[in-house]
Amino acid sequence: MAMTLTEKILARHAALDAVEPGQIINAKVDLVLANELSAAVAIGVMRQMKGADRVFDADRIALVEDHFVPARDAQSAKIAKIMKDFAVEQKIKHFFDVGRGGIEHVVLPEEGLIAPGELIVGGDSHTCTYGAFGAFATGMGSTDIAAAFVLGEVWLKVPATIKLIYSGKPGEMVFAKDIMLKTVGTLGIDGATYRAIEYHGSTVDELSITGRITMANMAIEAGAKNGIFHADAKTIAYVTERTDRDFVVEKADPDARYEQVIEIDIGSLEPQVACPHTPDNVHPISEVTRDEILLDQVFIGSCTNGYIEDLRVVAKIFDGKKIDPRLRVIVNPGSQKVWMQAAEEGILKTLAAAGCAVNTPGCGACFGGHMGTLGDGERCLSTTNRNYVGRMGSPKAEVYLASPATCAVSALTGRITDPRVAVPVGV
Amino acid sequence: MRATLRGRVHKYGKNIDTDVIIPGKYCNIIDPAELGKHAMEGLDPEYTSKMKAGDVIVAETNFGCGSSREVAPLAIRASGTSAVIAKSFARIFYRNALNIGLPIFESAEAVDAVESGDELEIEPAGGVIRNLTKNQTYTAAAFPPFMQALIDAGGLQSYVEKRLAERV
């Protein structure tokens with residue numbers, strides 16, 4: 001039976017010849033991920049499960065401390081310790097403490113823990129990021145993660161697949177983030193609920209691995225279970241540089257059945273902005289800049305846009321300039337490795353000289369937890385993935401989402417600005 | 001999910017996301033009672049002071065979208081809320097709610113008909129929702145057979161314990 005990419009991966013992990021949408025399967029997992037928030041709850045659940053003394057495979061679990069880092073308060077330190085003690089007790093090799101990891105979804109691919117054809121579940125909704133590598137990856141809550149910790153299996157309903165075909169070459173200052181914001185705006189916030197998204201087309205074939213990460217990362221913003229790209233030579237080169245384990249590169253059958261096929265032309269796409277208070281409230285920059293939208297904070301980082309490629313774009317725009325005195329800019333390199341690379345390339349110095357606060361890698365600012373929380377009446381332009389009410393702090397604050405380039409240019413002017421108009425050439 | 005549930009309606013809109021159900025700053029809390037004090041705070045800071053044990057949250061489509069935080073359904077349950085009725089639920093929230101034992105019901109009919117303050121009585125087993133204020137009865141969608149079997153077996157924890165016992 002012809003299958004989509006997601007169906008193929010699920011069938012193999014369920015030891016079935018074929019699966020179809022709606023079917024409930026029991027699938028083996030290659031990796032189970034949790035951060036200190038989801039792990040603390042999952043560990044508590046696991047402790048209550050009779051007979052669940054050990055994890056199914058200590059080398060197939062990754063625990064990353066990244067949400068309230070360095071510990072915001074005693075309670076945050078407490079849950080981090082619950083996870084660390086568990087890692088020691090269960091002899092979990094892939095445990096990343098503060099200073100040795102960073103944001104989970106940036107760290108795992110860097111460490112070679114993600115490969116094409118694999119099945120990954122994580123106690124974080126942005127686990128779907130790993131679809132960038134041709135893997136099936138989805139987020140779950142802590143009880144499901146506890147079950148996966150001990151069984152090494154999860155039950156899943158096979159999702160129907162939406163095929164997105166992108167064509168056209170992105171114009172000046174149009175990045176993967178703009179393409180994905182446009183996609184979320186097109187699908188709507190629940191347009192892909194219970195569905196898989198399969199990304200196709202010449203535009204995404206040309207994207208870098210980082211660009212694909214940005215797009216897979218935000219599949220959940222349309223409600224999707226997973227968002228997946230086909231692995232190609234770029235993917236294989238990235239992965240084999242980081243791991244020597246075997247993996248299976250799957251491919252959707254040419255006659256696979258898709259619930260919907262949507263074609264998106266990128267050739268004429270402008271930079272995009274998601275306006276408050278949902279990530280599907282997406283508008284082209286020329287429309288958004290009709291009003292003067294002054295900013296109190298610009299945030300650059302997250303599992304969506306905290307990669308070295310993103311920081312290079314920002315540093316090029318900031319080089320030798322100062323950010324507008326009316327606002328603050330907070331930058332979180334996505335991981336310790338990104339931080340070190342940025343240091344080596346002089347990016348951190350450029351950012352600091354422009355007036356940015358450069359923080360420890362972590363998730364805090366994105367979800368209003370720590371290190372960059374917004375106050376009442378404040379407005380932020382951010383490279384992150386969500387802008388719900390209160391997402392970055394006060395429910396009386398506003399969050400706009402855009403690409404690193406749009407964020408950086410706007411940081412120089414103090415207001416949301418079209419990066420095509422106000423930028424140095426050649427970025 | 002067998003006993004009859006009874007309480008007044010607090011009605012909200014569509015796309016009620018987990019960030020408003022339990023704001024990120026509280027996500028390092030693991031004590032359910034403490035979480036319950038902040039349920040729905042991002043959307044309606046008065047919720048926990050105006051609600052009474054047994055009350056029911058009613059919302060439009062895509063309830064619980066966003067993050068995978070299991071503390072979202074935990075906070076609602078710990079606040080004393082007996083159930084959530086919505087036209088649809090976001091995928092991760094749906095699994096989490098069932099896993100932690102927060103009764104949830106899909107019923108567009110009920111959502112369209114009820115108003116805040118209405119007194120509801122819910123029979124979880126049959127998915128029957130009675131509006132005592134308006135003297136109406138609505139039906140919730142049945143759970144898919146697999147989910148119902150999981151619920152009947154005592155939830156995911158019992159399922160895992162059974163699977164582990166089979167392996168020995």
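Derivation of every value follows stated rules applied to the coordinates shown; laboratory data play no part. Computed from a predicted model, the values in this text were never measured in an experiment. Backbone-built Cβ (ideal geometry, glycine too); neighbour counts: all protein chains shown.
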Task: For chain A: relative contact order, % (alpha-carbon pairs under 8 angstrom, 6 or more apart) - done: 18 percent
Task: Of A:Leu327, A:Ser382, A:Ala405, farthest towards positive along the dipole that unit charges on Lys, Arg, Asp, Glu beta carbons give region A:273-413 - done: A:Leu327
Task: Per-residue HN-Hα couplings for region A:168-181 [Karplus 6.51, -1.76, 1.60; θ = phi - 60°; Hz; x = Gly/Pro] - done: x, 9, x, x, 4, 6, 10, 10, 3, 4, 5, 4, 6, 4
TODO: Report, in debye and to the nearest 20, how large the dipole of chain A comes out about its Cα centre when Lys and Arg carry +1 and Asp and Glu carry -1 on their Cβ.
DONE: 820 debye
Open item on the list: 7 Å from Cα along Cα→Cβ at both A:Asp291 and A:Arg245: what's the point-to-point distance in nm?
Closed with: 4.9 nm
Task: 19 Å Cα-Cα threshold exceeded, pairs from B:Lys14/B:Lys87; A:Lys8/A:Lys163; A:Lys321/A:Lys349; A:Lys28/B:Lys162; A:Lys8/A:Lys93 - done: A:Lys8/A:Lys93
Task: Computed over chain B: relative contact order in percent, which uses C-alpha pairs under 8 Å that are six or more apart - done: 24 percent
- [ ] May I ask you to derive the FRET efficiency for B:Ser116 and A:Glu344 from their Cβ-Cβ distance with R0 = 56 Å, giving the value to the nearest 0.05?
- [x] 0.45
TODO: Give the distance, in whole Å, between the Cα centre of region B:1-72 and the Cα centre of region A:23-95.
DONE: 25 Å
TODO: Looking at the protein assembly as shown, send over the antiparallel percent of its DSSP beta bridges, to the nearest 5.
DONE: 30 percent
TODO: Starting from the Kirkwood radius over alpha-carbon pairs of region B:5-167, derive D by Stokes-Einstein at 37 °C in a medium of 0.692 mPa s and give it in µm² s⁻¹.
DONE: 206 µm²/s
Open item on the list: Using Cβ contacts closer than 10 Å as the measure, can you line up B:Lys134, A:Lys84 from fewest to most?
Closed with: B:Lys134, A:Lys84
TODO: Tell me which residues come under 5 Å, amide H to amide H, from A:Gln260 once H is placed; ignore anything under 5 positions away on its chain.
DONE: A:Lys163
Task: Pairwise centroid distance, computed over Cα atoms, of region B:94-110 with region A:259-283, Å - done: 31 Å
Task: Directionally averaged projected area (convex hull, Cα atoms, chain A), nm² - done: 19.2 nm²
Task: Exposed GluC sites (Glu not before Pro) absent: longest stretch of chain B, with sites in DSSP loops and at most 12 other Cβ within 10 Å deemed exposed - done: B:47-114
- [ ] Could you please report the charge total around A:Pro284, scoring K, R as +1 and D, E as -1 over all other residues with beta-carbon less than 15 angstrom from its beta-carbon?
- [x] -4
TODO: Would you tally the net charge around A:Ala42, using a Cβ to Cβ cut-off of less than 13 Å, leaving A:Ala42 out, and scoring K and R as +1, D and E as -1?
DONE: -2
Open item on the list: Using the alpha carbons of region A:300-427, what is the convex hull volume per residue in cubic angstrom, as a whole number?
Closed with: 87 Å³
